[in-house]
Amino acid sequence: MSKANIYAIENPVTHQPGWIGSRVQEGSENTASPYATVGNIAVPNPRMSARSVNVFYDEKQAINNVSLDIGLNEVISMIGPSGCGKSTFLRCLNRMNDTIDICRVEGEITLQDENIYSKSMDAVLLRARVGMVFQKPNPFPKSIYDNIAYGPKIHGLARSRSELNEIVETSLAKAGLWDEVKDRLTKPGTGLSGGQQQRLCIARAIAVSPEVILMDEPCSALDPIATARVEELIDELRQNYTIAIVTHSMQQAARVSQRTAYFHLGNLVEVGETNDIFTNPKHPLTEAYITGRFG
Amino acid sequence: MPVYFVVLAILGLTTIAYHYGRKRALTVSASSNHLHSLPHYYGAWTAIWCSIPALAVLVLWLALQSTIITNIVIADLPSAITDLNEQRIGLVINDIRNYAEGRITSGEISLGIAAAAKHYKELKSLSRMALVVIVLAIAIFGGIMALRLISPDFRARNTVENIIRGLLVICSSIAILTTIGIVLSVLFEAIRFFDQIPITQFLFGTEWSPQTAIRTDQVGSSGAFGAIPLLTGTLLISFIALLVAVPIGLMSAIYLSEYASARLRAIAKPILEILAGIPTVVYGFFAALTVAPFIRDSGGLLGLEVSSESALAAGLVMGVMIIPFVSSLSDDVINAVPQSLRDASLGIGATHSETIRQVVIPAALPGIAGGVLLAASRAIGETMIVVMAAGLAANLTINPLDSVTTVTVQIVTLLVGDQEFDSPKTLAAFALGISLFLVTLVLNVIALHIVRKYREQYD
Amino acid sequence: MTEIADSTRIVKESLNKRYASERRFRRLGLMAIFFGVSFVLILFADIFSKGYTAFLQTQIELEIFYDPAIIDPGHTNDPQVIGKADFAKLYKAALKERFPDATSRSARRDLYNLVSNGVAYSLRDTVLDNPGLIGTRLTLWLVADDEIDMLIKGHIHRDAPESDRRVSNQSIAFIEQLEASDSVRKSFSWTFLTAGDSREPEQAGIGGAVMGSLFTLLVTLSLAFPIGVAAAIYLEEFAAKNQFTDLIEVNINNLAAVPSIVFGLLGLAVFLNFFGMPRSAPLVGGLVLTLMTLPTIIIASRASLKSVPLSIREAALGVGASKVQTVFHHVLPQAMPGMMTGTIIGMAQALGESAPLLMIGMVAFIVDIPTSPLDPSTVLPVQIFLWADSPERAFLERTSAAIMVLLGFLVAMNALAVILRKRFEKRW
């Protein structure tokens, strides 16, 4: 009865992530027999480890029985054609999928031997430990300073103003942005260029000292120069953080990562040292993909 | 009733015209077997020329006839009457009209008035007869002229379509005409008010007592027209209303869109929307007869002196009325905040409420501010609740337990009941009206601008 | 910079506090909804509890003797003579007969006040319709006075001290005697639904106001719907993007937010003072409400036109239809349900509106039921406003009942709009 609602003609196309599932359905005959991943999914000293993970959107299965370890201080990249489930898998690692009502996750994912889907694990704490950088740069409509300070503030990581200043400065420095923005910390973060915005988002993630950083196609919205800058940054960050990156670009995977996992229609097809995967793929699907027969 | 008859006759003629137009189109094309448009367009062309000019003349005639006849009658009145001031002439005219139509008149009827009434009656019946003849003649003439223009090469469809477009343009221009009408009519009367009362007194005066102005013959009772107490009263009540509506509307919008289960949403949302559909007179009744006594009694229990027409009661109920307004506007702007911002905040490990309070609301703030301004403009212009639940006494106070009056209440009080035109008392209502119009206009323009800018930002 | 393990610990420690504030926030939201919902419920319960009794009317059973000596002493059978007779004497005589003990002045006054003085008129009308009744005796249920009505309905307490209630002990004694012989009943009050306004609550009804609302809405509908749809079609389908179009749009958006009372001022200054139209007439009310509801209808109609996919227009244009043909043959039929929904909502808004109608004189006390849009009349919401001001307890009841009727109409209209939308809703 209210005015605004009369005028709102409902958008007939409600957004549903069904497209992910619909592709998987073709391959979901495999659900019964676990898909055998080629290569060694395990590493000696895993920071995170997933075992037999299945993800469903309503009835549709988006991830089929995936097991994978993410090692300490390594960069692991996940590649595959669009809709293969690599982003869905990544979002399972810090329970971002919790925000989608129809999404259901089965299997076990551990962070430092703690099951992150257990009752005792808190999603807020988990996300503080496993940070995330998204496809499109998404700085808050606040100042650059406040963008970085947001995480430390809500988590209470800084006891004083000077400590907060220090966190902001080191985070920006680690993201290689300090020199570019130190004179305009009070300017809005949305005023930066695309590449700077994405590095700001990385700095924002670093500011809460996560153990793992998840990156969901962080360079897909950036130009080549900005992309190179972010890739450099990822390489530097490897010293202190474990990074899982989803990427569309095989070259990027080859440049930044030590291990690579290839996803296809919700299955983890092959995983191994990045060099091996790109020079000597063992699975025919992997080979077809990296030689560019589909993508 | 001749008017109904004339309208029916025009409609009948139009049907005939349509028929003949179509037939004529078929006849003229029979030999060459060629016709530019389909036959019914020729029918429509004829029908349009038969009906529209005639109906236009009819409406104009009816709108203007009484003014013109009255002027003629006045012109013929004896000078003893025409020398009177405008107000008295108005009364005389009323007497003449009433006498002519056999209704009760005010007091004795002089010979002059009886003669004028006879004159008036004659003119009126003359006008009626002329109306019937002229309008029907125009209809027939229009139809025949249109018929004569029909030829196989005549582009009837294009012409008819152009006429339709023209009509559409006229219909959409009514919005502009309405605005102009409001501004001109209200402004005109307001200017006459400011001829009598200095504008500085109106804008800065702190005393409002228009009632004394009735007795113009009394010394020193020209009335006080300082609008400040009305403005503070209006602002006080609107402020209370916003104090209720903004937090509650915002919080319920947030809860319904971010937290509520589908079931709760399906129940609570329509119930809250009912609030927007309840007529304001019902709120007024509830405010005056249930809320105000309740507040007065509970204030009494606390040892507070509460007026039975307290600003608090009116403001509270008005606030509830605006809740759905605020909540549906905030719902819109909150949903416009991109999901990526929420993801970013949740991805750092913020809780749901931290995300809402520190990211979503700041991002939606311009939109919410626009919504609040629109809500404020609503509250300022709301009439029935305050007419029924707020007082008449123009107290200059900001105590919500006192009785205050508002601009709209005064407009209603000044214009309902006995009216004498041209007295400052009546004209003051128009001065208040134009102030109200301007204030709400400015608020609306600013609010719509902010909201539009905000939408563009996230599109 | 804090070490990783440190920061995990700090976050963990902060969690309790943060979740507490999360819960507080949710509770605030829930409270806001609870407040709104309970206000709706309280409002409805309050109105209903005050108003439902108005649909019933207390009646008193008396044996009326159609005394020829009172009605028509000269046996003329002339309706003129009968019409002028004092029919109040009939029920007064019946009351005296029933209570022969009541002889004192005050007792007599209380006795006569048991019955509504409107009964005299209804007795007169029945006799005029059927002169054969003269000289006969009939047992009739007569409408009780409003104070007695309130007493029977329990709004006036019998055990309250006499000085605190408007019904005397004597009257209560009469009523108790009548009750003892089952001569008091409550029956459905057609008067309330069909009669015009009256100073006497028991004779007042909403019939006149409902008719006034009907005429006003008819005028509004027959103007606002075609004009609104035409304007929407022009703006959505034909208008070029230029300053004139922008001007129209800005105007429509602003008019949608102009206070309704300003439209009343416009009506007063233009329709009444300039064009000399009749005061208090539904015609003028309809014109004012047309201007007020036009923005609503235009905005809804445009949204409805917008939702018709471009492909339909292209298909029609592609087979050689002109722009006007495309719009009127193909787009308009698809958009019609949405436009009608918007129009019904606009009409519901107009039905509940009262402030602008106060300005054009539709607040007069009008007893006659209007029969055309030119007759002076009032509308339902204004009737509510008028009655709300009346001091009689019985009018309070009637106000609430009138609100129930008004809300009933509004619910019906909105339900119709919802049904229409559900039924014709197209998902392209």
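The values are calculated or read from the model by the stated rules, or taken from the named source; none is laboratory data. This one's a predicted model, so the numbers in the text were calculated from it and none came from an experiment. Note: ideal-geometry Cβ built from the backbone for every residue, glycine included; neighbour counts use all protein chains shown. Quick note on the areas: whole protein, heavy atoms, side chains included, nothing else; ligands and nucleic acids left out. Shrake-Rupley method; radii C 1.70, N 1.55, O 1.52, S 1.80 Å.
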Open item on the list: It is to be established whether one or more residues within region C:36-53 are outside any helix (DSSP H, G or I), out of contact with any Phe, Trp or Tyr (no Cβ under 9 Å at 6 or more places or on another chain) and modelled with pLDDT of 90 or more.
Closed with: no
Task: All positions within region C:54-103 that are without any contact (Cβ under 8 Å) to a residue 24 or more places away in the chain, surrounded by fewer than 17 Cβ atoms within 10 Å (Cβ to Cβ) and either in contact with a Leu (Cβ under 6 Å, 6 or more places away or on another chain) or in a helix (DSSP H, G or I) (or both) - done: C:A69, C:Q80, C:V81, C:K84, C:K89, C:K96
TODO: State whether one or more residues within region C:260-269 are in a helix (DSSP H, G or I), crowded, with 22+ Cβ neighbours inside 10 Å, within 13 Å of chain B (Cβ to nearest Cβ) and polar (S, T, N, Q).
DONE: yes
Task: Leading residue by the ranking (nearest to the other protein chains (Cβ to nearest Cβ)) among those in region B:322-375 that are within 39 Å of the chain's Cα centre (by Cα) and not in a helix (DSSP H, G or I) - done: B:P338
- [ ] Would you mind stating whether B:A379 is assigned by TED's automatic domain parsing to the domain that holds B:E273 and not in a helix (DSSP H, G or I)?
- [x] no
- [ ] Could you please let me know if C:R9 is more than 7 Å from every other protein chain (Cβ to nearest Cβ) and charged (D, E, K, R)?
- [x] yes
Task: Out of A:Y262, A:Y289, sole residue that is among the aromatic types (F, W, Y) and assigned to a helix (DSSP H, G or I) - done: A:Y289
Open item on the list: Cβ-Cβ under 7 Å, sequence separation 6+ or interchain: first residue in region C:194-220 and more than 16 Å from C:V119 (Cα to Cα), partner surrounded by fewer than 23 Cβ atoms within 10 Å (Cβ to Cβ) and hydroxyl-bearing (S, T, Y). Which pairs?
Closed with: C:G207/C:T194
Open item on the list: Anything in region B:298-311 that is surrounded by fewer than 22 Cβ atoms within 10 Å (Cβ to Cβ) and outside any loop (DSSP other than H, G, I, E, B)? List them, or say none.
Closed with: B:S298, B:G299, B:G300, B:L301
Open item on the list: Among the numbered criteria (1) in a helix (DSSP H, G or I); (2) open to solvent by less than 20 Å² (accessible area, probe 1.4 Å), which one does A:S87 miss?
Closed with: (2)
Task: Flag if B:F285 is assigned to a helix (DSSP H, G or I), free of Cβ contacts under 8 Å to residues at least 60 places away in the same chain and among the aromatic types (F, W, Y) - done: no
- [ ] Please enumerate the residues belonging to region A:148-178 that are within 10 Å of another protein chain (Cβ to nearest Cβ), open to solvent by less than 60 Å² (accessible area, probe 1.4 Å) and either within 16 Å of A:P210 (Cβ to Cβ) or at pLDDT below 90 (or both).
- [x] A:Y150, A:G151, A:P152, A:I154, A:H155, A:G156, A:L157, A:A158, A:I167, A:T170, A:S171
- [ ] Could you tell me whether A:I116 is crowded, with 23+ Cβ neighbours inside 10 Å and either under 17 Å from the mean Cα position of the chain (by Cα) or touching a residue at least 60 places away in the same chain (Cβ under 8 Å) (or both)?
- [x] yes
Open item on the list: On the basis of being open to solvent by less than 10 Å² (accessible area, probe 1.4 Å) and assigned by TED's automatic domain parsing to the domain that holds C:E237, does C:V308 make the cut?
Closed with: yes
